[in-house]
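Student: To start, I am sharing the structure in question, which I have written as structure tokens.
The values are calculated or read from the model by the stated rules, or taken from the named source; none is laboratory data. Predicted, not measured: the structure shown is a model, and the values here were computed from it. All Cβ positions, glycine included, derive from the backbone under ideal geometry; neighbour counts span all protein chains shown.
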């Protein structure tokens, strides 16, 4: 088995963790390949020589059996888009804050790697979205969400929204979020959207700050095509995939979003469940009042 190692080079702890991983793999005779940008950072930060094989872009996915992501959810989102065409499984190691998508922490990384080497893990496939626009030939893919929102104005947008060609509503709002089930705990949740468990086959449509009290998120089947029409040419709109890959568009325009043919493949440990993650990350079941009283 060959591991690929990638990371968020902006995070302070990444170089040290990557170095420890390399030494562990080299001592155990485990094959690995390193993302080029991370390798360059390691060479810059350390006087020790670096003999690791380094690659960039899609070659990292092509030459890895499992890709280790050092960072947080944002790093996984970047890698998921980058390797989607190749189906390389991703193991997320949380060096960030919340880490909904990550599977291991620094404290249990060694144990997690031992389980993987023994074959004690599963690979789950998670739905991704794709977006196209009549003005841009490119396809944008996302694991969490596709967002269409205003860019250079404080005014609201009129977002004419259709599902499979059927008119849903015209949302007068700051924008609209189209999220996958796994993305329901991201921007959509902050926008008062529902938590949708990953096994559901659906897309959630959530208007952002709609100018009406009755506008609510709508959940549609995952085989739906959502079309968003923006007519007014006065202001640009922004299309963003996973909060990272974006393009500005001058209306009138039409944006179509549907399930992508690619999926994200994530490494999961045998002893974890989605509901465990929800309880832990969202602090469900904790009596914060009692904890605060104890501190005071």
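Student: Look at the stretch 207-224 and say how many of its residues are touching a residue at least 40 places away in the same chain (Cβ under 8 Å) and either farther than 22 Å from residue 186 by Cβ or touching a helix residue (DSSP H, G or I) at 6+ places or on another chain (Cβ under 7 Å) (or both).
Tutor: Counting residues in the stretch 207-224 that are touching a residue at least 40 places away in the same chain (Cβ under 8 Å) and either farther than 22 Å from residue 186 by Cβ or touching a helix residue (DSSP H, G or I) at 6+ places or on another chain (Cβ under 7 Å) (or both) gives 2.
Student: Further question: Quick one: residue 253 ticks every box in (1) in the same structural domain as residue 140 (by TED's automatic domain parsing); (2) touching a strand residue (DSSP E or B) at 6+ places or on another chain (Cβ under 8 Å); (3) modelled with pLDDT of 95 or more except a single one, so which number is it?
Tutor: (3)
Student: Okay, moving on. Exactly one of these conditions fails for residue 79: (1) touching a strand residue (DSSP E or B) at 6+ places or on another chain (Cβ under 7 Å); (2) assigned to a loop (DSSP other than H, G, I, E, B). Give me its number.
Tutor: All conditions pass for residue 79, except number (2).
Student: If you check residue 68 against the conditions, is it at pLDDT 95 or above, over 15 Å from residue 143 (Cβ atoms) and either part of a loop (DSSP other than H, G, I, E, B) or within 15 Å of the chain's Cα centre (by Cα) (or both)?
Tutor: Details: at pLDDT 95 or above: yes; over 15 Å from residue 143 (Cβ atoms): yes; either part of a loop (DSSP other than H, G, I, E, B) or within 15 Å of the chain's Cα centre (by Cα) (or both): yes.
Here the answer is yes, as residue 68 does meet what is asked.
Student: So how many residues does the stretch 84-111 have that are buried (at least 23 other Cβ atoms within 10 Å of the Cβ) and over 19 Å from residue 198 (Cβ atoms)?
Tutor: 1
Student: Just the residues that are in a strand (DSSP E or B) and in contact with a helix residue (DSSP H, G or I) (Cβ under 7 Å, 6 or more places away or on another chain), please, taken from the stretch 143-170.
Tutor: Selection gives 145, 147.
Student: Also: Please tell me if residue 257 is buried (at least 19 other Cβ atoms within 10 Å of the Cβ) and assigned to a strand (DSSP E or B).
Tutor: Yes.
Student: Just checking, does the stretch 38-54 include any residue being in a helix (DSSP H, G or I), surrounded by fewer than 19 Cβ atoms within 10 Å (Cβ to Cβ) and touching a residue at least 60 places away in the same chain (Cβ under 8 Å)? Even if it seems obvious, please write down each step before you answer.
Tutor: Residues of the stretch 38-54 that are in a helix (DSSP H, G or I), as a first pass: 38-45.
If we keep only those that are surrounded by fewer than 19 Cβ atoms within 10 Å (Cβ to Cβ) too, we end up with 40-41, 43-45.
Those left that are additionally touching a residue at least 60 places away in the same chain (Cβ under 8 Å): none.
No: zero hits.
Student: Does the stretch 171-190 contain any residue that is farther than 25 Å from residue 103 by Cα, more than 20 Å from the chain's Cα centre (by Cα) and in a loop (DSSP other than H, G, I, E, B)?
Tutor: The first filter runs over the stretch 171-190 and keeps only residues farther than 25 Å from residue 103 by Cα, leaving 171-177.
Narrowing the set further to residues that are more than 20 Å from the chain's Cα centre (by Cα) leaves 171-174.
Remaining after also requiring in a loop (DSSP other than H, G, I, E, B): 174.
Yes, the conditions are met somewhere in the stretch 171-190.
Student: Would you point out which residue out of 204, 132, 102 is modelled with pLDDT under 95 and not in a helix (DSSP H, G or I)?
Tutor: 102
Student: Exactly one of these conditions fails for residue 122: (1) surrounded by 13 or more Cβ atoms within 10 Å (Cβ to Cβ); (2) modelled with pLDDT of 95 or more; (3) closer than 24 Å to residue 195 by Cα. Give me its number.
Tutor: The number of the failed condition is (1).
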